[in-house]
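One structure below.
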Amino acid sequence: MSNGLPRPVTAVIIVAAGSGERLGYGMPKARVPLGSDTVLTHALRGVAAAGVARQICVALPPGDTVLQELCETFAEELRAGHDGNPEAQIPLMTTVDGGATRAASVRSALAALLDGTEVVLVHDAARALAPESVFHRVVDSLAAGAVAVIPTIPVVDTVKTVSPTSGDDTTIAPELVTGTAPREELRSVQTPQGFRLSTLLQAHQAALGFDDKQAAAVTDDAMLVELLGVPVHAVHGATQSLKITTPLDLIIAEGLLEGPLGIRWVEG
Ligand code: C5P
């Protein structure tokens, strides 16, 4: 449900250039089968169904002709699906070569956005089942004036900080608890994350000066924007936006697609 405010000109970047090593499939994660399709096809469907994008730009593993063809086929399906409805906006599908890190893949896609783009949503292909409602909440928040907005869900586990034990204590246990984070203030962060384009460009420009250790610590785009001192807002995410990372995640995603209750039971 839209908040009724005019929506800014929006591009969606899908980062799909990861190796997927932790999934253990021996192929890039975007290519891994999920139900009767691939992880990337599900992610593309979600973005297209949300209907917020003027452009969808996918960062792919360089030289991956299988995923390149998958994107071209999807673009044809989009055009065919809009036949007979000249009013409908068909998003322009583009692809770029991803980089060695997630941030480098985002930068590569940022450089390929159409002139006139006002806001950009950065989405992990690995969150293939993110529902339309989350895209709408993020874009509505940008339309209402947010410069940066992320979808989150409450943390259910108690979260503690630890440090490695040393000396004789290593025989007792490998780690020592150093504190307990206040759970009511903690959120798990998901994608799509939305930004004014100029702000995200500035944040990624600043990150080019990072050393290797700082660069390795960058796990999402919002943290780069936080470093600029720009406020980052949070809207409600969704349970089914889980990031498919391990074999267990894939089993859960398959269950969401094929289970007796269908994917709707966790809509939120
Ligand atoms: O590896 P990680 O879990 O951080 O990956 C999150 C998302 O970033 C995935 O969709 C993956 O394909 C993408 N990625 C990328 N380029 C990289 C590394 C990850 O596009 N070099």
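The values are calculated or read from the model by the stated rules, or taken from the named source; none is laboratory data. Since this is a predicted model, take the numbers as computed values, not measurements. Heads up, the Cβs are rebuilt from the backbone with ideal geometry, glycines too, and the neighbour counts pull from every protein chain shown. The accessibility values were calculated without ligands, DNA or RNA, using every heavy atom of the protein model including side chains. Shrake-Rupley method; radii C 1.70, N 1.55, O 1.52, S 1.80 Å.
For the range 214-221, the criterion of being touching a strand residue (DSSP E or B) at 6+ places or on another chain (Cβ under 7 Å), open to solvent by less than 20 Å² (accessible area, probe 1.4 Å), away from the ligand (no atom under 14 Å from the Cβ) and modelled with pLDDT of 95 or more is met by none of the residues. The residue that is surrounded by the fewest Cβ atoms within 10 Å (Cβ to Cβ), counting only those in the range 228-247 that are in a helix (DSSP H, G or I) and modelled with pLDDT under 95, is Pro247.
For the range 11-23, the candidate set comprises residues that are out of contact with any strand residue (DSSP E or B) (no Cβ under 7 Å at 6 or more places or on another chain) and in contact (Cβ under 8 Å) with a residue 12 or more places away in the chain; within that set, the residue that is nearest to the ligand (Cβ to nearest atom) is Gly18. Only a single criterion out of (1) touching a helix residue (DSSP H, G or I) at 6+ places or on another chain (Cβ under 6 Å); (2) open to solvent by less than 60 Å² (accessible area, probe 1.4 Å); (3) more than 14 Å from the ligand (Cβ to nearest atom) is not satisfied by Arg7, namely (2). Restricting attention to the range 24-62 and to residues that are among the aliphatic types (A, V, I, L, M) and in a loop (DSSP other than H, G, I, E, B), the residue that is farthest from the ligand (Cβ to nearest atom) turns out to be Val52. Set side by side, the residues Thr170, Thr199 differ, and just one is of a type in the set (Val, Ile, Thr) and in contact with a helix residue (DSSP H, G or I) (Cβ under 7 Å, 6 or more places away or on another chain), which is Thr199.
Scoring Asp37 on the criteria (1) surrounded by 14 or more Cβ atoms within 10 Å (Cβ to Cβ); (2) at pLDDT 90 or above; (3) under 18 Å from the mean Cα position of the chain (by Cα) leaves a single failure, condition (3).
Counted as qualifying within the range 71-164 are the strands (runs of 3 or more DSSP E) with 3 or more residues that are more than 16 Å from the ligand (Cβ to nearest atom) and open to solvent by 20 Å² or more (accessible area, probe 1.4 Å), namely 160-164. For the range 179-201, indicate whether the set of residues that are in a helix (DSSP H, G or I) and within 16 Å of the ligand (Cβ to nearest atom) is non-empty. There is at least one residue in the range 179-201 that is in a helix (DSSP H, G or I) and within 16 Å of the ligand (Cβ to nearest atom).
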